[in-house]
Amino acid sequence: MSGADEPIADRVAAAPARTVAAGTARLFSAWGNGSAVPGARDRRCEGVADLAARRARVSQVLVPERMAAGFLAGADDDGALREFSAPREMIYDGANAYIRVADRWTGFDLGDPGGPRGINDPLWPLDALFGARDDAVEAGHEAVRGVATTRYGLTVDLARADAEVPAGVSVPAGPHRGLSRMPVEVWLDAAGLTRRVAVSAEPVTAAADVQIWIIVELWDFGVAVDITPPRPDEVAAPREADWDSPGPAA
């Protein structure tokens, strides 16, 4: 059986591997406040992904508009808000993340890209979905970017995801018990591909209006993608970067 013919738990469990096998896609990432369905002001980044190579190239804001406005409410100078909201080109390469600052690249804690993605990587929710437990329930039928999908609610166990993903999975801060039952909403199309997945950073028992959702949407599977991380000699130390100049976005 495949796609819509599968039992719900099997269909959801198979979704991340099926999605990675699609090869490439366009992506949109957001942090949703109180809702797993992102709004325009929740946008973190948008770009393309090479799912097999574990890479993404995006135009990213450091803090989404809604969050930046909350942090800086009452500030006399809105220049800081513009700085937070200015998009910057970023390349995520497995465990590594590079950000273009002016005409140079920089990065933090760069090492072996074969390690687990950081939780700020836009594709982290897809890795988390590899830990799907068998408690998925259907939550309705909705369109995601014009594609008909079925929405499911479930929980994931990040220890299970870590065992399933060859590179492992990074975990957010929190008690181990909470990391074993993280709330997830996922939207699958007729072929069983993940069109949207949202992972809540708050425990299952948290009220819906205080949950913070880490969200990624995927579409245009098979799109032509060429993502080349910068060479070591092209990467400056963060202290050497000209942070006052955003540089070109992706």
* **Probe 1.4 Å, protein heavy atoms only - accessible area per residue of the stretch 129-168 in square angstrom** => 48
* **Two-site label geometry, E234 and A21: point separation in nm, points 7 Å out along Cα→Cβ** => 3.3
* Asked: Taking all protein chains as present, what is the carbon and sulfur share of the accessible area of the stretch 88-235, in % to the nearest whole number, probe 1.4 Å?
  -> 52
* Within the accessible area of the stretch 5-67 (1.4 Å probe), percent carbon and sulfur -> 50
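The values are calculated or read from the model by the stated rules, or taken from the named source; none is laboratory data. Computed from a predicted model, the values in this text were never measured in an experiment. Every residue, glycine as well, gets a Cβ built from its backbone with ideal geometry; the counts of neighbours run over all protein chains shown. The area values use the complete protein model at the heavy-atom level, side chains included, leaving out ligands, DNA and RNA. Shrake-Rupley method; radii C 1.70, N 1.55, O 1.52, S 1.80 Å.
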